[in-house]
Amino acid sequence: MAIEATPENFADASIPPLTASSFSPDAIDDTQGNLQVIRRNGKVTHFDASKISVAITKAFLAVEGGSAAASSRIHNAVEQVTEQVVKALTRRLPAGGTVHIEDIQDQVELVLMRSGEHKVARAYVLYREQQAQKRAEEAALRAEVEGEQPEHQVMVTLADGSKRPLDIARLKTLLAEACNGLDQVDAQRVLDATCRNLFDGVTENDISQALVMSARTLIDQEPNYSQVSARLLLDILRREALSFLDLDLDNPVQTQAEMGKHYADYFKAYVKRAVKLELLDSRLQQYDLQRITDAIKPERDLQFNYLGLQTLYDRYFIHTEEGTRFELPQAFFMRVAMGLAINEIDREGRAIEFYNLLSSFDFMSSTPTLFNAATLRPQLSSCYLTTISDDLDGIYSAIKDNALLSKFAGGLGNDWSRVRGLGAHIKGTNGKSQGVVPFLKVANDTAVAVNQGGKRKGAVCAYLETWHIDIEDFLELRKNTGDERRRTHDMNTANWIPDLFMKRVAEEGDWTLFSPNEVPDLHDLTGAEFEAVYTACEEKAARGEIKVFRSLKAVDLWRKMLGMLFETGHPWITFKDPCNIRYTNQHAGVVHSSNLCTEITLHTNDSEIAVCNLGSVNLAAHVDENGLDIAKLERTVTTAMRMLDNVIDYNYYSVPQARHSNLRHRPVGLGIMGFQDALYKQRIGYASEQALTFADRSMEAVSYYAIQASSELAAERGRYSSYEGSLWSQGVLPIDSLQQLKQARGDYLQIDQSSSLDWDALREKVKTQGMRNSNTMAIAPTATISNIVGVSQSIEPTYQNLFVKSNLSGEFTVVNPYLVHDLKREGLWDEVMINDLKYYDGSLAPIERVPAELKVLYATAFEIDPRWLVEAGARRQKWIDQGQSLNLYMAEPSGKKLDNLYKLAWVRGLKTTYYLRSMGATAVEKTTASSSGDVNRLGDGAPAEAPKACSILDPDCEACQ
């Protein structure tokens, strides 16, 4: 029989309470040693897990009694619950910090409920209520006896060690500005939550962090708190930068509005100090800095969401060797713009033009450009493609090139198809080759060793053609079983598939594997020429004229490809022939591979390492409920193309082959991001004919204006060196090259070829004026720059409508603001809906009260038939002179589904595909926030991860963007 929960029962702990030493070293995170607890009187004590176990034990005893029979179960249950509570707290504050005692007790309640200990949870709740009532009665009695007592005054510790009372007025001023212009946010609510977590002796920095944390915990209830959090974070950035530069200001800067008055002085001091510290190019001081500073728009610092500003601060802002960051957002954008304009005639005018495009979020340059523009070593290019020759000198020279290119933040794509296969004869030693795999292992380890200056790990993708004798070993490189010496866990891999193989698969024919040293011509041939020579090689092999070969069913190899793709995520499926047949500069060479993220399709050879410079148009910023703003898009694309072209001459090249290739052909890759946001703004579901039409028409417009801009640049600056003989020079635009692929493929190409713009006029302009760039477009992943801008990645559908993001500052919720707006309009946005979304991993589908039209509009990636992604990709691909990084999502993959999906991708003329994403076993963090929003309480479940970009294993990968 259960014992009634009373304070007396809770005082009777008849079994020994658990202590921190009761747990194994792995049971509780070491971070607990850095945690501190704010008690109700404002005093701070060290966190002690044993006190949690004592309280939980008392709750169990109040319900189950202290019999010997219950003792063992209680002990085990208390151990598990305590462990979950501690893990949740340390996950919330991974670097340590302070937590209020009420928050700990809230977490105990939550874990007890999730553990199914409902009676114990009820007893615990009743006890807390009784204690709260008792404290209130005692406080009232003291007030009556002693008279009104002054409110406890928090003293703040300053940098010099002195103390002063907490300046509540300043906090209110900061919060008023942070909430200004934002709907449904409450400054007082944030202030109350902040003050609750302050204690005597708190530092100024801790107060600022407490403000940010208090606002962050409310994001899942109202997305606008993300901007509130960012604006409060901005105060930390301002104080750090201004303190370092030690500006002689009459009064301390308290708000962004006040900062606006001093931004010019700040920027000039920032440039001077950064140049002195050899962080920035001294040529920046040669600009007319008064003209530059007059153009800066300080108010644009307020437009960030929290994730965007935190990302800039953590990863992009220049900093001293000690880690002090003194670059503010508008200084950052202007610094990048000045770097890109450094060779312009009117460099101030162009810098201001570039700055306005970046700071407005209409366009964003790629990560390497943002990292390195205006620095002493401006390596701004995103992608490098190389081909490996079949000799030791060539192999190790290529690996050295990988290291040099990777060192300064470039993503790599390596073509390994020329390296002879396992068992092939080596003339120099009269021995047999060990094949390509051992060298791939060396390339893998080199990528790990060269970590790009500590900013991120090196990133590389190896490509191998499907006829290579080592292809089956290549397929298994990412497996977690087998000989570790033949595994490359840190390197991406991709199949480079000729059309002939896909035809053999469709026709259930045979396929023959060769060692490239015996069939050297295959590497440089495509289309009908490849088919003729490949068939002749098969005949030679049958006659015994080729020694190293193996035949198998094409379908069997295809199934193994798809099986490994499902099991390991690799190798990716990419198609050799459409990349070459539609290649604008095919007279200059053969495309042997794509890049790290499968969107770049440029030729390579022993003397040329292909280079591409990337940037993305924020499509969402060019769309409203009436559709695409064509005039604004033209302006954006025109300026963006100039910025990308400027990179080529300004760029630092760590190897001569890259410089030679880039200056000769001048390829750039203009892409898009925020495609899903653009659909939301137009009320279009991703899985719809309307979405396909928008993908088609929007990419057509980007293509038209990118080609037009490059042609205008050619008229101003001259054509690229290898223009003559290109498809451009023949009047063949990307949309026209589809006919050449059709001629090669026949019935194996089925694609919409409609258009809406005046392509005849543009075709004539290109033939007359030429082109500045051999290639103009590529849609890359935008893992990080889309976070900065605050839109969806690249062309991706929404991964989840709500998920938990982790960083060095802890965890916080990211929620789809469009969805929240619609649910509020329907009167459905409340704590129950928030909890339902968390429980269902951000999906609306299982929530019955949500209208069907919203479920269609806000369907997440795994709820969309992946064939819609392929169809949308096909509509874009017809306009793009390079490729697109196209992830495919499949909730429940099967061999038949994968077979149909990737055959559809080939038939629709896609050049490449990227990751196959399958539904993981993760579930969204089941967090709740109290009605007062005091704390984002974390449960014991693992959080659902945000979509990984570039590398499934590395969520911080930004090798492209």
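The residues in the range 502-511 that are part of a strand (DSSP E or B) and crowded, with 22+ Cβ neighbours inside 10 Å can be counted, and the count is 1. For the range 481-501, a residue qualifies if it is over 20 Å from residue 529 (Cα atoms) and either part of a helix (DSSP H, G or I) or free of Cβ contacts under 8 Å to residues at least 12 places away in the same chain (or both), and the qualifying residues are 481, 482, 483, 484, 485, 486. Picking from residues in the range 405-431 that are of a type in the set (Lys, Arg) and in contact (Cβ under 8 Å) with a residue 60 or more places away in the chain, the one that is surrounded by the most Cβ atoms within 10 Å (Cβ to Cβ) is 420. Screening the range 394-436 for strands (runs of 3 or more DSSP E) wholly inside it with 1 or more residues that are touching a His at 6+ places or on another chain (Cβ under 6 Å) and at pLDDT 90 or above returns the ranges 411-415.
Elements of the type helices (runs of 4 or more DSSP H) sitting completely within the range 768-846 and holding at least 2 residues that are under 29 Å from residue 873 (Cβ atoms): these cover 785-789, 817-825. Looking across 623, 702, one residue alone is at pLDDT 95 or above, under 28 Å from residue 764 (Cα atoms) and of a type in the set (A, V, I, L, M, F, W, C). It is 702. The residues in the range 874-908 that are of a type in the set (Gly, Ala, Ser), closer than 16 Å to residue 795 by Cβ and either in contact with a Gly (Cβ under 7 Å, 6 or more places away or on another chain) or not in a helix (DSSP H, G or I) (or both) can be counted, and the count is 3.
Residues being surrounded by 19 or more Cβ atoms within 10 Å (Cβ to Cβ) and of a type in the set (A, V, I, L, M, F, W, C): count how many of those fall in the range 838-852. Please lay out each step first, then the result.
Kept after step one, since they are surrounded by 19 or more Cβ atoms within 10 Å (Cβ to Cβ), are these residues of the range 838-852: 838, 841-844, 850.
This time we only want the ones that are of a type in the set (A, V, I, L, M, F, W, C), so: 844, 850.
Final tally of qualifying residues: 2.
Scanning the range 600-616 for residues that are assigned to a loop (DSSP other than H, G, I, E, B), crowded, with 24+ Cβ neighbours inside 10 Å and in contact with a Leu (Cβ under 8 Å, 6 or more places away or on another chain) gives 600, 602, 609.
For residue 710, the conditions (1) closer than 28 Å to residue 872 by Cβ; (2) surrounded by fewer than 23 Cβ atoms within 10 Å (Cβ to Cβ) are fulfilled apart from (2). Taking the range 274-305 as the range and being touching a residue at least 40 places away in the same chain (Cβ under 8 Å), assigned to a helix (DSSP H, G or I) and either farther than 30 Å from residue 790 by Cα or among the polar types (S, T, N, Q) (or both) as the test, the residues that pass are 283, 303.
In summary, residue 364 fulfils each of the numbered conditions (1) of a type outside the set (D, E, K, R); (2) under 30 Å from residue 445 (Cβ atoms); (3) in a strand (DSSP E or B) with the single exception of condition (2).
Residues checked against (1) of a type outside the set (Gly, Ala, Ser); (2) crowded, with 19+ Cβ neighbours inside 10 Å; (3) modelled with pLDDT of 95 or more; (4) in contact with a Cys (Cβ under 9 Å, 6 or more places away or on another chain):
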{"position": "487", "(1), (2), (3), (4)": "yes, yes, no, no"}
{"position": "498", "(1), (2), (3), (4)": "yes, yes, yes, no"}
{"position": "531", "(1), (2), (3), (4)": "yes, no, yes, no"}
{"position": "537", "(1), (2), (3), (4)": "yes, yes, yes, no"}
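With respect to residue 481, is the statement that it is β-branched (Val, Ile, Thr), out of contact with any helix residue (DSSP H, G or I) (no Cβ under 9 Å at 6 or more places or on another chain) and assigned by TED's automatic domain parsing to the domain that holds residue 573 true?
yes
From the list 80, 84, 105, 130, the one residue that fits, being modelled with pLDDT of 75 or more, in contact with an Asp or Glu (Cβ under 6 Å, 6 or more places away or on another chain) and not assigned by TED's automatic domain parsing to the domain that holds residue 193, is 84. Residues in the range 241-255: is at least one touching a Leu at 6+ places or on another chain (Cβ under 6 Å) and assigned to a helix (DSSP H, G or I)? Yes, because at least one residue in the range 241-255 is touching a Leu at 6+ places or on another chain (Cβ under 6 Å) and assigned to a helix (DSSP H, G or I). Here residue 297 clears all of (1) basic (Lys, Arg); (2) closer than 17 Å to residue 369 by Cβ; (3) surrounded by fewer than 17 Cβ atoms within 10 Å (Cβ to Cβ) except the condition numbered (2). Taking the conditions (1) of a type outside the set (A, V, I, L, M); (2) closer than 27 Å to residue 529 by Cβ; (3) buried (at least 24 other Cβ atoms within 10 Å of the Cβ) in turn, residue 402 satisfies each one other than (2).
Quick grid of which residues meet (1) basic (Lys, Arg); (2) over 30 Å from residue 851 (Cα atoms); (3) under 25 Å from the mean Cα position of the chain (by Cα); (4) not in a strand (DSSP E or B):
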residue: 672; (1), (2), (3), (4): no, yes, yes, no
residue: 676; (1), (2), (3), (4): no, no, yes, yes
residue: 679; (1), (2), (3), (4): no, no, yes, yes
residue: 687; (1), (2), (3), (4): no, no, yes, yes
residue: 693; (1), (2), (3), (4): no, no, no, yes
residue: 697; (1), (2), (3), (4): yes, no, no, yes
residue: 705; (1), (2), (3), (4): no, yes, no, yes
residue: 713; (1), (2), (3), (4): no, yes, no, yes
residue: 720; (1), (2), (3), (4): no, yes, no, yes
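Yes/no per residue for (1) farther than 23 Å from residue 885 by Cα; (2) in contact with a Ser or Thr (Cβ under 6 Å, 6 or more places away or on another chain):
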position	(1), (2)
474	no, no
482	yes, no
491	no, no
494	no, yes
500	yes, no
504	yes, no
510	yes, yes
521	yes, no
525	yes, no
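This table checks each residue for (1) hydrophobic (A, V, I, L, M, F, W, C); (2) surrounded by 21 or more Cβ atoms within 10 Å (Cβ to Cβ).
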position	(1), (2)
800	no, yes
814	yes, yes
817	no, no
836	no, no
854	yes, no
885	no, yes
891	yes, no
898	yes, yes
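Residue 210: assigned to a helix (DSSP H, G or I), under 17 Å from residue 38 (Cα atoms) and either free of Cβ contacts under 8 Å to residues at least 24 places away in the same chain or of a type outside the set (Asp, Glu) (or both), yes or no? Answer is yes for this residue.
For the range 740-767, enumerate the residues that are part of a helix (DSSP H, G or I) and over 18 Å from residue 498 (Cα atoms). Scanning the range 740-767 gives 759, 760, 761, 762, 763, 764, 765, 766, 767. Within the range 90-102, the set of residues being in a helix (DSSP H, G or I) and modelled with pLDDT under 75 comprises 90, 91, 92, 102. Is there a residue in the range 602-614 that is under 24 Å from the mean Cα position of the chain (by Cα) and over 20 Å from residue 659 (Cβ atoms)? No. The one condition from (1) crowded, with 23+ Cβ neighbours inside 10 Å; (2) not in a helix (DSSP H, G or I) that residue 590 does not meet is (1).
Among the residues of the range 338-351, is any of a type outside the set (Asp, Glu), at pLDDT 95 or above, part of a loop (DSSP other than H, G, I, E, B) and under 19 Å from residue 790 (Cα atoms)? No: zero hits.
The values are calculated or read from the model by the stated rules, or taken from the named source; none is laboratory data. Quantities reported herein were computed from a predicted structural model and do not represent experimental measurements. Don't worry about glycine lacking a Cβ; one is built from the backbone with ideal geometry, like all the others, and counts go over all protein chains shown.
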